[in-house]
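Report on the following structure.
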Amino acid sequence: MGRCGVTSSKTALVFLNLIFWAAAGALCYVGAYVFITYDDYDHFFEDVYTLVPAAVIIGVGSLLFIIGLIGCYSTIRESPSGLASFVFILLLVVMTEVAVVVLGYVYRTKVEGHVNSAIQGAYNGYNGTNSGAASRAIDYVQRQLQCCGIHNYSGWTNTPWFEGAQNNSVPISCCKPQLSTCTGSLTHPEDLFQEGCEALVVKKLKEIIIYVIWAAVTFATIQMLGILCACAVLCQRRPTSTYDLLIPGETYG
């Protein structure tokens, strides 16, 4: 029974380590995706909401790959020291993921306030050309999220850019993509995106945070299973008699 339990635990542990490798690749991909995709959103919220979660995701993914190597080697060799190290590192990762979950919920409650204060400054800094980072960010967000203005397209009338242009038009990025004749004129509001960008940016950011939270919870659960299997192998490999302590292949008189 003992040997059967060890074999079952080893099989489960090897399988979990394969999952760790797959998860490592997936997490690194997700982290890189967050870095690349949301680079143009950095004028609307602080780096702590994008760069920090992305860096944590990539860091955990890299660590999971190393954990998988240690786990497979230690499991196959049934190395007590290797399995103990495996358990210790997994515990550290689980604690990190618990911290990510807690911070994610804390950030989620503060997202709207930070976006509210940042988005007004971004729109006030719009100059209508690609030479300005704020202008590129706003045009990108309006096209990608299909929105216009902070709360709606009429919000553009309160910006310095609109007052300076004096053409009663909003940026072309507010135009619906299927309308090639749209010039952004407020005389044809039906050609413009109707929803404001603030609510959509907040929604998108909360989706990112929730995704990170669920990823952390899921992988923490898998890692706890890995810890239990490693502990089972360690406990069942402990010598139970003086005979078990003899060195294999050596003759005792």
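Could you state the number of Å between the C-alpha centres of the range 180-207 and the range 120-174? Measuring centre to centre over Cα atoms gives 10 Å. Rounded to the nearest whole Hz, the Karplus-based 3J(HN,Hα) values (6.51 cos²θ - 1.76 cosθ + 1.60, θ = phi - 60°) of the range 19-24 follow the sequence 5, 4, 5, 5, 5, 4, with x at glycine and proline.
Phi-derived couplings, Karplus 6.51 cos²θ - 1.76 cosθ + 1.60 at θ = phi - 60°, listed residue by residue for the range 62-70: 5, 5, 5, 5, 5, 4, x, 5, 4 Hz, with x used for Gly and Pro.
Remark on the range 70-163: ratio of C-alpha radius of gyration to 2.2 N^0.38 Å is 1.96.
The spread of Cα positions in the range 101-244, taken along each principal axis and listed from longest to shortest, comes to 93, 31, 26 Å.
Here's the list of lysines a cross-link from Lys203 could span, going by alpha-carbon distance under 16 Å and ignoring same-chain residues fewer than 8 apart: Lys110. Estimated at 0.36 nm per residue, the fully extended path between Asn124 and Asn158 surpasses their Cα-Cα distance by 11.4 nm. Each of Cys175, Cys235, Cys28 has some number of other Cβ atoms within 10 Å of its Cβ, and from fewest to most they run Cys235, Cys28, Cys175. Amide H contacts of His188: none lie under 5 Å away among residues 5 or more positions distant or on a separate chain (H built 1.01 Å from N in the peptide plane; Pro and chain starts excluded).
Taken together, the values in this text are just the output of simple stated rules run on the coordinates, not laboratory data. Values in this document were obtained by computation on a predicted structure and should not be read as measured data. A quick note on method: Cβ atoms are made from the backbone with ideal geometry, for glycine too, and the neighbour counts reach across all protein chains shown.
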